[in-house]
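Asker: Quick one: the structure is below, and I'll ask about it shortly.
The values are calculated or read from the model by the stated rules, or taken from the named source; none is laboratory data. Please read these numbers as outputs of a predicted model, since none were measured by experiment. Virtual Cβ from ideal backbone geometry, glycine too; neighbours counted across all protein chains shown. Ligands, DNA and RNA are stripped out before the accessible areas are found, and what is left, the full protein with its side chains, is counted by its heavy atoms. Shrake-Rupley method; radii C 1.70, N 1.55, O 1.52, S 1.80 Å.
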Amino acid sequence: MRIVSYTNLCVADCKYCAFYRRPGHSEGYTLTHEQIFEKIDRLLEKGGSLVAMEGGFNPALKLDHYEKLFQAVRGRYEDKIEIYGPTAVEVLFIARNSKVPVPETLRRLKAAGLRWIPGGGAEILTPEWRKKLSPKKYSVGQYLETMETAQQMGFGTTATMVIGFGEPYEARVEHLKTIRSLQDKTGGFASFLLWTYQSQNTALGGAVTSNDDYLRTVAISRLYLDNIFHLRASLLTQGEPGALSLKYGADDFDIALEDQVTQQAGTHIEENVERVLSWVRETGLTPIQRKPWEVPNGTAD
Ligand code: SF4
């Protein structure tokens, strides 16, 4: 997979983010369709099939920009790839920035070829931790409402959690409980992905939490979220030691060619696919390649 960060211009000012630039900054960018095609072509050459399209809250990009983008990508690649994105929080921003209600925004994105709304931007879903980490992002209630609306409209969705900001265990449990409750109601999440905050070049700073903490949280998430079919490990942030999470309850992982958001904050991407697979084989497991999940919910190839 490849995370194509289509713009780094953003007005959300999340304290844990090393990726974004404020509008007007000399290092700000918005990728053209040709630049995005180039990145997807490289992914296809490597045998990849999943493109996450995620970016900043860029006030210059209205809903029609996204419609044209997804029409162009879907038109060029049809079903050779699946697109994950934009995330629920980006959908909220696009809707507000375009003065279009969220359900209508989702309907238009769907008509443009989008099928998945991933769960990125959730971080820690408690009012207190949203205020501490990203006060300008959306509330827990708005996030859940957007996810539920997307699920009702037939989008596939995923859930996520990011740990290691210094949050207490209680906050993680509250996050898991919130996700579990929505899943009990809708059954709409195909997977749960857990990763760790990367701290380099961020305003928040601090250290990266240990892989032991990551493994324990994977195990607890697997036990508690027994209503979500797949648990995805983040080898992207955890590297080789993270492969052990496949023995702690995770059943899936992505091999990413690019993720500007975590790379800017210190993640090293292992580009050698065979090496990543060898980490998994060393745990005694045999990796197999799946296609991106099919909509609806939780049906794995
Ligand atoms: S995490 Fe996303 S929304 Fe927050 S500042 Fe970075 S790019 Fe913007």
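Asker: Counting only DSSP beta bridges with both residues in the chain, what percent are antiparallel, rounded to the nearest 5?
Answerer: 10
Asker: Then there is this: With every protein chain kept in the model, how would you rank PHE155, PHE253 by accessible area, 1.4 Å probe, largest at the top?
Answerer: PHE253, PHE155
Asker: Pairs LYS185/LYS247; LYS15/LYS136; LYS15/LYS185; LYS136/LYS177; LYS62/LYS99; LYS137/LYS185: which are spaced more than 21 Å apart, C-alpha to C-alpha?
Answerer: The answer is LYS185/LYS247; LYS15/LYS185; LYS136/LYS177; LYS137/LYS185.
Asker: Can you work out the FRET efficiency for the pair ARG290 and ASP213, with r the C-beta to C-beta distance and R0 = 41 Å, to the nearest 0.05? Could the numbers behind the result be given before it?
Answerer: On the way: r = 28 Å, r/R0 = 0.67.
Given R0 = 41 Å and the Cβ-Cβ separation, E is 0.90.
Asker: Let me ask something else about it. If I require 20 Å or longer along the helix axis, counting alpha carbons, and a Kyte-Doolittle average no lower than 0.5, what helices from the chain are left? Use full DSSP H segments.
Answerer: Working: long enough: 63-77 (21 Å, -0.88); 169-186 (26 Å, -1.08).
Answer set is empty.
Asker: Rounded to the nearest whole Å², what accessible area per residue is found for region 63-185 with the 1.4 Å probe? Could the numbers behind the result be given before it?
Answerer: Details: 4870 Å² over 123 residues.
Heavy-atom SASA per residue in region 63-185 reads 40 Å².
Asker: Can you give me the P(r) profile for region 242-292? Cα pairs, bins 10 angstrom wide beginning at 0, each as a whole percent.
Answerer: Taking all Cα pairs of region 242-292, the binned fractions are 22, 50, 27, 1 percent.
Asker: Right, something else. So what are the ³J(HN,Hα) numbers for region 251-257, from phi and the Karplus equation (6.51, -1.76, 1.60; θ = phi - 60°), rounded to whole Hz, Gly and Pro as x?
Answerer: Each residue of region 251-257 in turn: 10, 7, 7, 9, 10, 9, 7 Hz.
Asker: Related question: Any chance you could look up the accessible area of ASP41 with a 1.4 Å probe, heavy atoms only, rounded to 10 Å²?
Answerer: 40
Asker: Still on this structure, please answer the following. Okay, helix-only estimate at 222 nm for the chain: each DSSP H run of n ≥ 4 adds -39500 (n - 2.57), divide by all residues, round to 500 deg cm²/dmol; what do you get?
Answerer: -12000 deg cm²/dmol
Asker: Can you give me the long-range amide H partners of ASP252? Hydrogens built in the peptide plane at 1.01 Å from N, cutoff under 5 Å, separation of 5 or more residues or another chain.
Answerer: LEU231, ALA233
Asker: Provide, as a two-decimal number, the C-alpha radius of gyration of region 3-84 over 2.2 N^0.38 Å, N being how many residues it has.
Answerer: 1.15
Asker: Now for a different question. How far is the Cα center of region 12-56 from the Cα center of region 171-247, in Å?
Answerer: 23
Asker: What percent of all Cα-Cα pairs in region 97-205 falls into each 10 Å bin, going from 0 up to the bin containing the maximum distance?
Answerer: 13, 44, 32, 11, 0
Asker: Additional query: With all protein chains present, how much of the accessible area of the chain (probe radius 1.4 Å) comes from carbon and sulfur, to the nearest whole percent?
Answerer: Numbers: 6800 of 12990 Å².
Within the chain, the accessible surface is 52 percent carbon and sulfur.
Asker: At q = 0.09, 0.16, 0.17, 0.18 Å⁻¹, what log₁₀ I(q)/I(0) does a Debye calculation on the Cα points of region 154-301 give, no solvent, two decimals?
Answerer: Evaluating at q = 0.09, 0.16, 0.17, 0.18 Å⁻¹ gives log10 I(q)/I(0) of -0.28, -0.92, -1.03, -1.15.
Asker: What percentages make up the Cα-Cα pair-distance distribution of the chain when the bins are 10 Å wide from 0?
Answerer: Histogram of Cα-Cα distances, whole percents per bin: 6, 29, 39, 23, 3, 0.
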